[in-house]
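Structure, as structure tokens:
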Amino acid sequence: MKILLNNIDLNEALFGNSNIGFVPTMGSLHQGHTSLIRKSQKLSNKTVVSIFINPKQFNNKKDYKKYPRNIKKDLKILKRLKVDFVYLPKIKDIYKTKNKIKIKLNKQDKILCAKYRKGHFEGVIDVMTRLTKIVNPSKIFMGEKDFQQLLLVKRYVEKNFKSKIISCKTIRDKNKLALSSRNTLLKKDDLIKASKIAKSLIIFKKKLLDKKNLNNLIFMKKKELQKKYDINIDYLELRNTKNLKLSNKIKNSKIFVAYFINKVRLIDNF
Ligand code: AMP
């Protein structure tokens with residue numbers, strides 16, 4: 001496993017390789033990340049994993065500061081997986097040049113997390129287009145856990161580069177909670193609560209299959225969860241999986257949720 005600390009070393013290491021798979025991460029790796037890495041190793045000749053906590057995508061400075069960092073443990077995991085290249089850029093490696101790609105979300109995109117985290121996706125798209133230019137991979141592996149991110153990055157990256165975005169299923173723990181680096185910020189009781197919410201939404205979605213007036217039922221479910229678990233819900237919405245438009249049927253749709261438990265913001269989709 002080669003660890004590359006700047007762009008020159010990365011370019012030198014990657015020179016001559018084709019069919020490169022790329023797994024961009026912000027570290028504090030878990031089995032969600034490792035499932036992406038394994039998929040890349042299956043479908044690519046070489047796999048690059050980056051760890052970069054991108055300050056530009058945090059709309060809240062405190063959130064950036066408290067984002068979990070576990071580089072030693074991460075490197076152990078990556079070594080065990082026999083990853084070919086680990087890219088650990090500094091802020092200046094990513095942001096020293098101007099990004100020529102114009103990033104502007106249109107009105108229809110300002111929904112879900114784009115509505116509640118101003119500037120977040122502009123920051124994500126900016127860093128993802130920069131990373132794509134630097135790594136120049138054939139494929140980029142991203143998780144459905146961050147569904148809106150996946151669709152937006154796919155649109156911008158595939159429009160401007162030859163790289164293809166490969167979407168990967170959400171990995172959950174045995175209690176149905178989607179794995180997330182942010183889970184390490186939760187206390188035990190809150191983790192239990194988050195699992196109960198995930199289970200409740202999985203069952204709820206099944207129940208919606210033969211129901212009418214789904215939007216009203218979703219509105220009631222939001223109220224119920226807020227009250228029962230004492231959480232603050234940014235959104236609980238049923239949306240089409242192709243274009244993220246609001247939906248009133250289960251077919252081709254997912255329930256999207258974002259909520260706070262003790263100041264930690266969790267997102268998921270079912
Ligand atoms: P992050 O380090 O949180 O920025 O995530 C890096 C990549 O891992 C993103 O493409 C995420 O969507 C993906 N990812 C995070 N959690 C999971 C999960 N539980 N299952 C599958 N992919 C995930």
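The values are calculated or read from the model by the stated rules, or taken from the named source; none is laboratory data. As the structure is a prediction and not an experimental result, all values here were calculated from the model. Here the Cβ positions follow ideal geometry from the backbone for every residue, glycine too, while neighbour counts run over all protein chains shown. For accessibility, only protein heavy atoms count, side chains too; no ligands or nucleic acids. Shrake-Rupley method; radii C 1.70, N 1.55, O 1.52, S 1.80 Å.
Within region 164-197, restricting attention to residues that are within 15 Å of the ligand (Cβ to nearest atom) and of a type in the set (Lys, Arg), the residue that is modelled with the lowest pLDDT is Arg182.
Yes or no, residue by residue, for (1) outside any loop (DSSP other than H, G, I, E, B); (2) in contact with a Leu (Cβ under 8 Å, 6 or more places away or on another chain); (3) within 25 Å of Lys110 (Cα to Cα); (4) hydroxyl-bearing (Ser, Thr, Tyr):
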site: Ile197; (1), (2), (3), (4): yes, yes, no, no
site: Lys207; (1), (2), (3), (4): yes, no, no, no
site: Lys223; (1), (2), (3), (4): yes, no, yes, no
site: Lys228; (1), (2), (3), (4): yes, no, no, no
site: Tyr235; (1), (2), (3), (4): yes, yes, yes, yes
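The condition of being more than 16 Å from the ligand (Cβ to nearest atom) and within 30 Å of Phe22 (Cβ to Cβ) holds for only one of Phe161, Phe141, Phe204, that being Phe161. Taking the criterion of being part of a helix (DSSP H, G or I) and open to solvent by 20 Å² or more (accessible area, probe 1.4 Å), the residues of region 148-173 that qualify are Gln149, Leu151, Lys154, Arg155, Tyr156, Glu158, Lys159, Asn160. Residues in region 1-56 that are in a strand (DSSP E or B) and either free of Cβ contacts under 8 Å to residues at least 12 places away in the same chain or open to solvent by less than 50 Å² (accessible area, probe 1.4 Å) (or both): how many? Of the residues in region 1-56, 12 are in a strand (DSSP E or B) and either free of Cβ contacts under 8 Å to residues at least 12 places away in the same chain or open to solvent by less than 50 Å² (accessible area, probe 1.4 Å) (or both).
The set of residues in region 174-185 that are assigned to a loop (DSSP other than H, G, I, E, B) and open to solvent by less than 20 Å² (accessible area, probe 1.4 Å) contains only Leu177. Once region 121-138 is narrowed to residues that are farther than 19 Å from Leu10 by Cβ and buried (at least 21 other Cβ atoms within 10 Å of the Cβ), the residue that is nearest to the ligand (Cβ to nearest atom) is Val124. Within region 57-90, track down each residue that is outside any loop (DSSP other than H, G, I, E, B) and under 23 Å from Leu14 (Cα atoms). Residues satisfying the conditions are Ile71, Asp74, Leu75, Lys76, Ile77, Leu78, Lys79, Arg80, Phe85, Val86, Tyr87. Looking at region 25-46, which of the residues that are small (Gly, Ala, Ser) and near the ligand (Cβ under 8 Å from one of its atoms) is farthest from Ser163 (Cα to Cα)? Among residues in region 25-46 that are small (Gly, Ala, Ser) and near the ligand (Cβ under 8 Å from one of its atoms), the one farthest from Ser163 (Cα to Cα) is Ser28.
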